[in-house]
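Structure below; questions to follow.
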Amino acid sequence: MSLNIGIVGLPNVGKSTIFNALTKTAAAQAENYPFCTIDPNVGIVEVPDKRLHQLAEVSGSEKIIPATIKFVDIAGLVKGASKGEGLGNKFLSHIRECEAIAHVIRAFSDSNITHVHGEIEPGNDKDIIESELLISDTQTVEKRLEKARTEAKSGDKEKKSYLELIDMVSEKLNEGVLANEIELNEEQKELISDLHLLTMKPNLYIVNLHEDDIAGADRKEYAKKLGLKSENQVILISAKVEQELIGFDEQEAKDYLKDLGLEAPGLHALIKSAYETLGLITYFTSGPKETHAWTVRKGASAPKAAGVIHTDFEKGFIKAEVINWEDFVNCGSEISAKEKGLLRIEGKEYLVKDGDVIHFRFNT
């Protein structure tokens with residue numbers, strides 16, 4: 001599976017600049033005026049993972065295939081988008097196609113780059129974006145509510161129960177509660193999944209800082225400013241720093257980051273937060289032909305993980321030969337790992353762990 005993240009934000013917050021830096025392209029225009037990005041730009045980014053190279057070296061792999069994330073740069077949002085302002089519903093429709101939303105929040109001052117609402121206030125920017133998404137969701141649910149009321153008149157218990165659910169969701173949305181904050185069980189979430197509510201999607205918040213402020217910035221401080229319960233949703237990035245990194249080779253990039261007091265590019269932090277927020281993990285297949293990273297949801301069974309490679313692997317699953325990636329590397333070969341008893345045979349009930357190296361056995 002390839003993760004699909006929509007990058008959104010008000011005009012002139014550095015959204016397209018960050019997209020360009022993350023995807024190392026100049027596909028998105030980064031000009032100082034609203035709506036410079038008319039159609040969503042798409043960039044495929046490799047997930048950085050040092051484990052891949054270590055495994056490939058042990059296996060003598062001919063090639064390395066990393067996991068990927070698809071970033072979609074969506075045109076700048078303005079207040080009133082849900083009512084057709086700016087690019088209106090075109091903007092909102094692009095978000096529906098993404099699995100998660102990354103809000104770019106401006107926290108830098110620059111007299112040469114105007115703020116669409118005249119002041120730098122991260123919390124206000126976040127509220128404007130979420131309000132537009134909430135209004136859109138409210139409209140979606142209201143339409144469904146009308147249909148549910150009509151169907152419930154039949155007296156059918158399931159339809160009456162569904163009406164109660166939709167009515168409750170509508171009430172919460174009107175109170176300003178995001179759909180992903182409404183207390184719903186798994187069955188209820190499944191019942192309203194076809195509504196594709198924008199505020200049901202997991203959120204990440206990319207705080208765009210001045211390059212002089214990035215090194216000493218505190219995630220907890222910005223989580224508080226944005227009214228978030230967890231700092232894990234906050235990624236601190238300087239778009240200017242990320243843009244500078246595009247033209248550097250690996251060593252130059254390391255030296256530049258070190259001079260700024262940073263350990264890694266903002267991309268690494270963004271990907272890590274995305275995986276944590278969405279509950280994703282990585283497992284590997286490794287051999288002479290290739291070493292490949294695969295993304296699955298935390299708690300995925302061995303057959304489900306096999307299905308990510310090919311549906312036939314899941315259908316014909318027999319067993320999985322599993323070894324932790326560190327044990328694989330330390331042993332120097334699969335044969336050595338077997339001899340030391342570090343390779344396990346797991347069945348259909350096995351839940352894949354992050355860092356597992358797996359060889360699947362299946363019937364064709």
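The values are calculated or read from the model by the stated rules, or taken from the named source; none is laboratory data. Note that this is a predicted model, so its numbers are computed, not measured. A quick note on method: Cβ atoms are made from the backbone with ideal geometry, for glycine too, and the neighbour counts reach across all protein chains shown.
Going residue by residue through the stretch 326-343, is there one that turns out to be farther than 24 Å from GLY60 by Cβ and touching a residue at least 24 places away in the same chain (Cβ under 8 Å)?
Within the stretch 326-343, none of the residues are farther than 24 Å from GLY60 by Cβ and touching a residue at least 24 places away in the same chain (Cβ under 8 Å).
While we're looking at this one, here's another question. Regarding the stretch 237-255, can at least one residue be identified that is surrounded by fewer than 14 Cβ atoms within 10 Å (Cβ to Cβ) and polar (S, T, N, Q)?
yes
Got a number for residues in the stretch 317-341 being among the aliphatic types (A, V, I, L, M) and over 18 Å from GLN54 (Cα atoms)?
Qualifying residue count for the region: 2.
Continuing with this model, one more query. Just need a number here: residues in the stretch 279-318 that are surrounded by 16 or more Cβ atoms within 10 Å (Cβ to Cβ) and in a strand (DSSP E or B).
Total meeting the criteria: 15.
Restricting to the stretch 13-30, and then to whatever is at pLDDT below 80 and not in a helix (DSSP H, G or I), can you tell me which residue is surrounded by the most Cβ atoms within 10 Å (Cβ to Cβ)?
Across the stretch 13-30, the extreme among qualifying residues is ALA28.
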